[in-house]
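The values are calculated or read from the model by the stated rules, or taken from the named source; none is laboratory data. Since this is a predicted model, take the numbers as computed values, not measurements. Because the Cβ atoms are built from the backbone with ideal geometry, glycine has one as well, and the counts that use them run over all protein chains shown.
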Amino acid sequence: MFLESEIDLLKLTSPQANRYPADPPLNNPQVYFVPDSHGLCIDGMGELALSFELSRQFLDVQGRPAPLILISQALEQAFHFSFGDIYKSKARIFKRKPYNQTKVLDRLRTLIARESRDRKMKKDDSA
């Protein structure tokens, strides 16, 4: 009861708290993450979670920057998979050589750049 009152008070005083739905969405994922050792793996999802935490743009219900564990739990629910231990994944990311620390993020960036280039080429061919 006390916690609910505090949350209601935060919603009234914090403009960011009003951005969130009152009830969490149903746990009925429509998208499933299938790890691939040559593509997006569990530690790759860890890179995403860690970068989201470091951005400080993902907030908890009190409007504070969400800790890694909450972000990882949200990703697990959204994509129906399990990190196992997100902190072990985080440690493996920081143990990588500097040029490999963001290899999955770099790969995702490359995929977007390639798609953009392909679309531009298709547009130029049809003109």
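Mind checking which residues of region 72-127 are outside any helix (DSSP H, G or I) and aliphatic (A, V, I, L, M)? Before you say what the answer is, go through the steps one by one.
Taking region 72-127 and keeping what is outside any helix (DSSP H, G or I), we get 80-85, 96-97, 101-102, 127.
Result: Ala127, single match.
Quick grid of which residues meet (1) closer than 18 Å to Asn100 by Cα; (2) at pLDDT 85 or above; (3) assigned to a loop (DSSP other than H, G, I, E, B); (4) in contact with a His (Cβ under 6 Å, 6 or more places away or on another chain):
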| residue | (1), (2), (3), (4) |
| --- | --- |
| Pro25 | no, no, yes, no |
| Gln30 | no, no, yes, no |
| His38 | yes, no, yes, no |
| Met45 | yes, yes, no, no |
| Leu50 | yes, yes, no, no |
| Gly63 | no, yes, yes, no |
| Ile69 | no, yes, no, no |
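Is one or more of the residues making up region 55-65 surrounded by 13 or more Cβ atoms within 10 Å (Cβ to Cβ) and touching a Gly at 6+ places or on another chain (Cβ under 9 Å)?
no
Which of the residues that make up region 112-127 are hydrophobic (A, V, I, L, M, F, W, C), surrounded by 10 or more Cβ atoms within 10 Å (Cβ to Cβ) and modelled with pLDDT under 95?
Answer for region 112-127, where residues must be hydrophobic (A, V, I, L, M, F, W, C), surrounded by 10 or more Cβ atoms within 10 Å (Cβ to Cβ) and modelled with pLDDT under 95: just Met121.
For residues that are polar (S, T, N, Q) and surrounded by 13 or more Cβ atoms within 10 Å (Cβ to Cβ), scanning just region 84-111, find the one that is modelled with the highest pLDDT. Break it down into steps so the answer makes sense when it comes.
Initially, region 84-111 is screened for residues polar (S, T, N, Q), giving 89, 100-102, 110.
When the remaining residues are screened for being surrounded by 13 or more Cβ atoms within 10 Å (Cβ to Cβ), the result is 89, 101-102.
Details: Ser89: 95, Gln101: 90, Thr102: 92.
Going through the qualifying residues, I end up with Ser89.
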